[in-house]
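Shown next, in C-alpha cells, is the structure this report addresses.
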Amino acid sequence: MPFSSRLIAQTPAESDMRFLTEGHGKAFYLHVDAAPDDENEIGQHSLYMKDLANGSFTRLFQTSPYGKEGSKLKIKKEGIYTDGEIEIIDEIVLLSESKILISGCPDARNIYSYIYDLTTGKAVFLDVYSGYVDTVEEDGRPLIKMSTYAYRPNGGGRYGIYVYFDMEGNKIRKEDAPEDEDY
C-alpha cells in the first residue's frame, strides 16, 4: 500500500515526537506509543514522515517488539517476501528520495537493518548485525556499506567484515574490516 494512503486522523503533536532526520522534502519522527517497562524493555513506537512542503504527517508503521502486535509489513528475507515486523527503530539513514535505511538494536547485542521503500511500504532485511557504515559509489552506482562479524574457521574468535548492498538490498560483495576497526 503506498504511503500516501496511510494518513491517519490522530497524528501526535510534533512536539510529542522525536526528530530523526530530514531530506528530499521529508522529515522523519518517532512517537512513543508504549514506553519501555519491565515486560517490554524497548517500548513500542510509530514512525512518521512529514511532508515539508505542506506540513502533513503520514504514519508509516508501528514497531512490534518481542512479538507485541504492531504493523505487519512485507519483508524480504533470503529472497522471499513474507509478513513480518520491525521490532525497534534507533536510526534512519536517507538513501534516496524513496528509500530509507532503518536500524535498531532490540537485544542489546545485534543491530538489525532494513531498506524501507516509502512508495510500496515494503522492506528488505539486510543480513548483517553491526550496522551502517557509509554509502559509497562504486562503478557509478551507490552501495550501502554495512559492518558485521564472522567467526574464524579454526577458532580464534570473531572478526569484522564489511558487506556492500545495492539499493535493492542485494549483497554485492564483502571484505575484511581493518583489524583496528570497531565492528
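Bear in mind that the values in this text are calculations on the coordinates, not laboratory data. The shown structure was predicted, so the numbers you read here are calculated from the model rather than taken from an experiment. Cβ: placed from backbone, ideal geometry, glycine included. Neighbour counts: every protein chain shown.
Things worth noting here:
- Entries of LYS26/LYS174; LYS26/LYS68; LYS50/LYS122; LYS122/LYS145; LYS68/LYS122; LYS68/LYS171 with Cα pairs more than 27 Å apart: LYS26/LYS174; LYS26/LYS68; LYS68/LYS171
- Across segment 67-158, C-alpha contacts under 8 Å between residues 6 or more apart give a mean separation that, scaled by the residue count, equals a relative contact order of 18 percent.
- Put in order of Cβ neighbour count within 10 Å, fewest first, the listed residues SER71, SER15, SER113, SER96 become SER15, SER96, SER71, SER113.
- Contact order normalised by residue count of segment 130-183, Cα under 8 Å, 6+ apart, percent: 28 percent
- Neighbour-count ranking [beta-carbon atoms within 10 angstrom, fewest first] of MET167, MET146, MET49: MET167, MET49, MET146
- Equivalent ellipsoid, segment 24-99 (semi-axes from 5 times Cα gyration tensor eigenvalues, Å): 23, 18, 10
- Once exposed loop trypsin sites (Lys or Arg not before Pro) are cut out (DSSP; at most 13 other Cβ, 10 Å), longest piece of the chain: 110-183
- Normalising the Debye intensity of segment 130-183 to I(0), with uniform scatterers on Cα atoms only, and taking log10 at q = 0.18 Å⁻¹ returns -0.59.
- Rg/Rh, computed from the Cα trace of segment 74-144 with Rh as the Kirkwood radius, has the value 0.96.
- Evaluated on the chain, the Kirkwood hydrodynamic radius is 17.4 Å, with distances taken between all distinct Cα atoms.
- Note on LEU52/GLU175: beta-carbon distance plugged into 1/(1 + (r/R0)^6) with R0 of 41 Å gives a FRET efficiency of 0.65.
- Using C-alpha pairs under 8 Å with a sequence gap of at least 6, the mean separation divided by the residue count of the chain gives a relative contact order of 12 percent.
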